[in-house]
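Engineer: Structure in structure tokens, see below.
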Amino acid sequence: MSRTLPLASFTSISSKISTWSGTLAASPRFSLLFFSSQPRLSLFSSTPISHYVKNLPAILAMDSSKAGTVKELPVGLDEATEEEYASQSKLLQEFTNISSIDKAWVFKSESGICSQAMFLISQPNLLANKKRKFMLSTSISKESNNTVNFQWAPFPVEMTGVSITVPSPSGSKLLVIRNPENESPTQFEIWSSSRLEKEFRIPQSTHGSVYADGWFEGISWNSDESLIAYVAEEPSPCKPSFDCQGYKQGAAKDKECMSWKGQGDWEEEWGECYAGKRQPALFVINLNSGEVHAVKGIAKSLSVGQVVWAPPVESIDQYLVFVGWSADPRKLGIKYCYNRPCALYAVKVPLYKSEAAQSDLKSMEELTVVNLTQSISSAFFPQFSPDGKFIVFLSAKASVDSGVHSATDSLHRIDWPTDGKLCSSTKIIDVIPVVNCAEDGQFPGLYCSSFLSKPWLSDGCTMILSSYWRSCQVILSVNVLSGEVLRISTADSGFSWNVLTLDGDNIIAVCSSPIDVPQIKYGCLVDKVTNTTAWHWLNVSSPIFKCSEKVTSLLSHLQFGITQIPVKDVSDCLTKGAAKSFEAIFVSSKVNNAPDPLIVVLHGGPHSVSLSSFSKSLAFLSSLGFSLLIVNYRGSLGFGEEALQSLPGKIGSQDVNDVLTAIDHVIEKGLVNPSKITVLGGSHGGFLTTHLIGQAPDKFVAAAARNPVCNLSSMVATTDIPDWCYVESYGSKGKTIFTEAPSAEHLTHFYSKSPILHISKVKAPTIFLLGAQDLRVPVSGGLQYARALKERGVETKIILFPNDIHAIERPQSDFESFLNIGVWFKKYCK
């Protein structure tokens, strides 16, 4: 391909003939011109050379125009794949545009006849590479003929720059928090139904950004709506300051002219997703004065979160209840890791009544902090009952005690003292214990990722929550006094359900499947008096999940089912739960004259689960003409604790064999073409992907790995969760022998469990999607494995996202990731 030289290169052309025969004739441009069929320069032409000098700009422009028609392809694409790339990107764009609901709130109208609801909705903004968030409101009215009517606002309102929104208990006020992207103040706004009532700007010297991560995050209005407790980054610590004289004593926190700040001591962080985040600390803001107070008396080693106000007791100071995570001996990665010990704490906040009969703060000097849950290793998501007589909380004690990053939850209750006198020996009552092994069709245990802000029915003792039930998510009602657990979402469809909010004793939820976009449902008790266990679910027409006609048509040609996969060799099972069947979700075309190519989809964790809910990325791959086999191998959440605990110590063997068993199961049923099988997984799913292409090299025609675990012996020294390497490789023994200085024996054991052990056998062309900022599975591991494949002549493609962490979920990165996976699999499944 020719290059255009700058015209300045030819300014001395008319000076000497030698310039033509030397410098210019030797250039790429003019060596082409000499052999072109276009008007050309020639030393033997009868045309005077002055003619060419005079018309040189025109000649260059003519040739440059021709050169401009030569197509330059992006790196990694050829002409054959570019057409596929363009076609798939248009389809993926249509799936990407589908919105999702993040949160919802319901407010009773003054008349009490109908309700008002707000839905916080998000949609990827590919151009800005952020999530676009907007609010859509609706009016809800129940009709006499057992129907419900949602009157939606004509348009949503975009929530630009908004980090958090939290309605007040009465629903008359709305807190809006805007976290800064730099060193600017954090902005608090209090809105009424018609206007902005108050606005406060909290400087960085008071605290940093308010936590909005869903874990440390906690914002709570007090009962008279005059105070808000919340969790924010503590202010930046003082750093050593230097100027031309050297070290400055007594330096201020703020930047000063003619001086510079040193780094000071390094402070440990909570790993993945928390890089650059300072310690979470507890604050209270007075909405009348705008004064912000840090809550004193909390140990520096304690990271706080999930704060709630305790119910007020007349003439007694009010308590704040919060969760605390200890940094002793050090902070390990906490994202997706429920095995970090934590407890509920209470601190008495001194209050007095102002002239306006509203609560105000007295001095916030050192306060007494009480540990409410000393007898249990994990306690989080505190929730007071409506009457304030007890507090319930979730526990991941099964995870903490065993060392696995996630396990079966339990639910507990503490009776709250009416006299306000707390003690650390408070009795903890079990509401839902850990379920080890459930009988077929029975409640498999509690797997709950969050509570609603108001989860209670009007009886004051029944909670509504979402939980995993094998490969589905379901809605449960839990009587926290009797311990009765009921599955109240329909069980016959294989769909997954998620509760959004309550409208009195009615439920607003969404349900979906791998081939059905989410649908809003309205749940009503059939008869509150005689039958409190039967629920009737109504369809709600909604504009939120609208998708294009093309997407609707493609999805209508698909079908799915949840398949039971028997364990291949039950003689290896040490428990009853480990011998029970696991599941796989199979998605395929309704028109199945010949089996479509297959993508085996593997979740990470390994103690996570792939749900039978709608995934835009997987629906896109299905719509390209692939069947999907989404395997929930033993060790997944939702199947009981014995099945889950059967995997640690056996990674790379039991989970690999489960996946191969699932593949053979659908092959034997004639559902799959065995010559066109691909595999896709991320994190531990990437660990399985790279294990499978090494242990069963003739089974797969292509593979895709997103931030895969490839070499445990190198990962253990760089990951934010080195304890994970020990527990998953050694089993229960791993928690005891975990050390920051692995022995040669440990490293050898880690290598024996790693996919890189089998790399010499790999044949399948493999694409790697890697996040350069990944602290969980550092990018060096994936690069090492990919380079080793290239070294052995295996076709390999690497896409590195420089600003992405473990999840690779920034909109542009997620889009490019699944687009390349689709093109890669199409290429090798022709």
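The values are calculated or read from the model by the stated rules, or taken from the named source; none is laboratory data. All of these numbers come straight from a predicted model, not from anything done at the bench. Note: ideal-geometry Cβ built from the backbone for every residue, glycine included; neighbour counts use all protein chains shown. Note: areas computed on protein heavy atoms with side chains; ligands, DNA, RNA excluded. Shrake-Rupley method; radii C 1.70, N 1.55, O 1.52, S 1.80 Å.
Engineer: Hey, can you tell me all the residues within region 582-604 that are of a type in the set (Gly, Ala, Ser) and buried (at least 24 other Cβ atoms within 10 Å of the Cβ)?
Structural biologist: Going residue by residue through region 582-604, those that are of a type in the set (Gly, Ala, Ser) are 584, 588-589, 594, 604.
Across region 582-604, the qualifying residues are Ala584, Gly604.
Engineer: Return yes when Glu791 is open to solvent by 30 Å² or more (accessible area, probe 1.4 Å), acidic (Asp, Glu) and either under 23 Å from His607 (Cβ atoms) or touching a residue at least 24 places away in the same chain (Cβ under 8 Å) (or both) and no when it is not.
Structural biologist: No, not satisfied.
Engineer: Identify the residue in region 127-165 that is closer than 19 Å to Gly504 by Cβ, among the hydroxyl-bearing types (Ser, Thr, Tyr) and in contact with a strand residue (DSSP E or B) (Cβ under 9 Å, 6 or more places away or on another chain) and, among all such residues, is least open to solvent (accessible area, probe 1.4 Å).
Structural biologist: Thr138
Engineer: Among (1) more than 25 Å from Val474 (Cα to Cα); (2) out of contact with any Pro (no Cβ under 8 Å at 6 or more places or on another chain); (3) of a type in the set (A, V, I, L, M, F, W, C), which single condition is Ala643 missing?
Structural biologist: With (1) more than 25 Å from Val474 (Cα to Cα); (2) out of contact with any Pro (no Cβ under 8 Å at 6 or more places or on another chain); (3) of a type in the set (A, V, I, L, M, F, W, C) applied to Ala643, the lone miss is (1).
Engineer: Being touching a Pro at 6+ places or on another chain (Cβ under 7 Å) and either farther than 21 Å from Gln151 by Cα or hydroxyl-bearing (Ser, Thr, Tyr) (or both) is the filter here, so list the residues in region 79-112 that pass it.
Structural biologist: Across region 79-112, the qualifying residue is only Thr96.
Engineer: For region 756-783, which residues satisfy the criterion of being under 16 Å from Glu795 (Cα atoms) and either crowded, with 21+ Cβ neighbours inside 10 Å or within 29 Å of the chain's Cα centre (by Cα) (or both)?
Structural biologist: Kept after step one, since they are under 16 Å from Glu795 (Cα atoms), are these residues of region 756-783: 759-769, 782-783.
Across region 756-783, the qualifying residues are Val762, Ala764, Pro765, Thr766, Ile767, Phe768, Leu769, Gly782, Leu783.
Engineer: In region 698-726, which residues are over 23 Å from the mean Cα position of the chain (by Cα) and assigned to a helix (DSSP H, G or I)?
Structural biologist: Listed by number, the residues that qualify are Leu712, Ser713, Ser714, Tyr726.
Engineer: Does Leu629 qualify as being open to solvent by less than 20 Å² (accessible area, probe 1.4 Å) and without any contact (Cβ under 8 Å) to a residue 60 or more places away in the chain?
Structural biologist: So Leu629 passes the test.
Engineer: Still on this structure, I have one more. Report, ordered by the first and then the second residue, all pairs with beta carbons closer than 9 Å, sequence separation of six or more or different chains, a first member in region 205-222 that is open to solvent by 40 Å² or more (accessible area, probe 1.4 Å), and a second member that is polar (S, T, N, Q).
Structural biologist: Sorted first by the residue in region 205-222, then by its partner, the pairs are Ser205/Ser236; Thr206/Thr186; Ala212/Ser163; Ala212/Asn179; Gly214/Ser449; Gly214/Ser450; Glu217/Gln306.
Engineer: If I filter region 234-284 down to residues being assigned to a loop (DSSP other than H, G, I, E, B), over 25 Å from the mean Cα position of the chain (by Cα) and aliphatic (A, V, I, L, M), which single residue comes out as surrounded by the most Cβ atoms within 10 Å (Cβ to Cβ)?
Structural biologist: It comes out as Ala251.
Engineer: If you don't mind, there's one more thing I want to ask. Consider region 299-351. How many of its residues are part of a loop (DSSP other than H, G, I, E, B), within 27 Å of Ala807 (Cα to Cα) and open to solvent by less than 10 Å² (accessible area, probe 1.4 Å)?
Structural biologist: Number of matching residues: 3.
Engineer: Continuing with the same structure: Restricting to region 87-111, and then to whatever is open to solvent by 50 Å² or more (accessible area, probe 1.4 Å) and at pLDDT below 95, can you tell me which residue is nearest to the chain's Cα centre (by Cα)? I'd like the intermediate steps shown before the answer.
Structural biologist: So the first thing to find is which residues in region 87-111 are open to solvent by 50 Å² or more (accessible area, probe 1.4 Å), and the list is 87, 90, 93-94, 97, 102-103, 108, 110-111.
Filter once more, so that each one left must be at pLDDT below 95: 87, 108, 110-111.
Values: Ser87: 28, Lys108: 32, Glu110: 38, Ser111: 40 Å.
Here the residue is Ser87.
Engineer: Considering only residues that are on the phi > 0 side of the Ramachandran plot and either touching an Asp or Glu at 6+ places or on another chain (Cβ under 7 Å) or assigned to a helix (DSSP H, G or I) (or both), which ones fall in region 770-828?
Structural biologist: Scanning region 770-828 gives a single hit, Ile808.
Engineer: Also, quick follow-up: Pull up region 166-204, narrow it to residues that are more than 16 Å from Gln116 (Cα to Cα) and touching a residue at least 60 places away in the same chain (Cβ under 8 Å), then point me to the one that is surrounded by the fewest Cβ atoms within 10 Å (Cβ to Cβ).
Structural biologist: The residue in question is Lys198.
Engineer: Can you name every one of the helices (runs of 4 or more DSSP H) wholly within region 543-659 that holds 1 or more residues which are more than 30 Å from Ala396 (Cβ to Cβ) and charged (D, E, K, R)?
Structural biologist: 549-556
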